[in-house]
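The structure appears below as structure tokens.
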Amino acid sequence: SPDLRRLDLSRSGPGVRSPSLGGTHLQAIIATRCEHLGDDAVTLACGSSPALQTLMLALCTSLHSPRILGERLSELNLSGCSALQDAAVTFACQNAPTLRRLSLSLCAALVAPRVVGPCLQRVELSHCEALSLPLIGGLAMVELSLSGCSRLEDAALDGLCDRAPALRKLSISGCTKL
């Protein structure tokens, strides 16, 4: 439908590999636990949905490097996307200038993504087992969780206060290498 505003295809089966997603008025795509959803489908959906504000792709384990972008995208959840690569996160942060909330917990393949954005307020990177040297910052950032990132290095926190001067809540419990 050309007037569709919200699309939820959560827990869809193997047929949802590369569905034709997107639309001029689409504001929210919820595709949680679509384990066969591919990078190309997500890239196409973002490119064909100029009004997109919310993109929920948690537990989409086939995603590696989707090119996520959007002038109006404010909330992005990629938690549990275990194969997600640093470049995909960096690209999203660079190409979604109004992104306020970013959830990346349990993204096991992330090592050193660049998580910086002018509007980013809340970032969740907890329990990313390979995360060691992310570059994190943003003038609007008030909350950051890195709990359970056992490989996180001291250098990852160097200059964080300068890059995120509004930071009010930082969680680093279980970061045993600090």
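Quick one: angle between helix 86-95 and the longest Cα principal axis of the chain, in degrees between 0 and 90, rounded to 10, please. That works out to roughly 70 degrees. Normalised by 2.2 N^0.38 Å, with N the number of residues, the alpha-carbon radius of gyration of the stretch 71-139 equals 0.98. I'd like the carbon and sulfur percentage of the solvent accessible area for the chain, probe radius 1.4 Å, heavy atoms only, ligands and nucleic acids excluded. Here it works out to 50 percent. Rolling a 1.4 Å probe across the protein heavy atoms gives the stretch 73-123 an accessible surface of 35 Å² per residue. Please compute the volume of the convex hull spanned by the alpha-carbon atoms of the stretch 20-92 and report it per residue in Å³. About 67 Å³ per residue, rounded to a whole number. With contacts taken as Cα pairs under 8 Å and at least 6 residues apart, the stretch 69-155 reaches a relative contact order of 26 percent. Each Cα pair under 8 Å and six or more residues apart adds its separation to the average, and for the chain the resulting relative contact order is 13 percent. Of all DSSP-defined beta bridges confined to the chain, some 0% are antiparallel rather than parallel. When the alpha-carbon atoms of the chain are used, the pair Rg, Dmax equals 15.8, 51 angstrom. The convex hull built on the alpha-carbon positions of the stretch 101-167 has an orientation-averaged projected area of 3.6 nm². Summed over qualifying helices (DSSP H, 4 residues or more, each -39500 (n - 2.57)) and divided by its residue number, the chain shows a 222 nm mean residue ellipticity of -3500 deg cm²/dmol. Residues whose amide H lies under 5 Å from that of VAL116, counting only those 5 or more places away or on a different chain, are GLY137; hydrogens are built 1.01 Å from N in the peptide plane.
The values are calculated or read from the model by the stated rules, or taken from the named source; none is laboratory data. Not measured: the values here are computed from a predicted model. Surface areas here come from the heavy atoms of the whole protein model, side chains and all, with no ligands, DNA or RNA. Shrake-Rupley method; radii C 1.70, N 1.55, O 1.52, S 1.80 Å.
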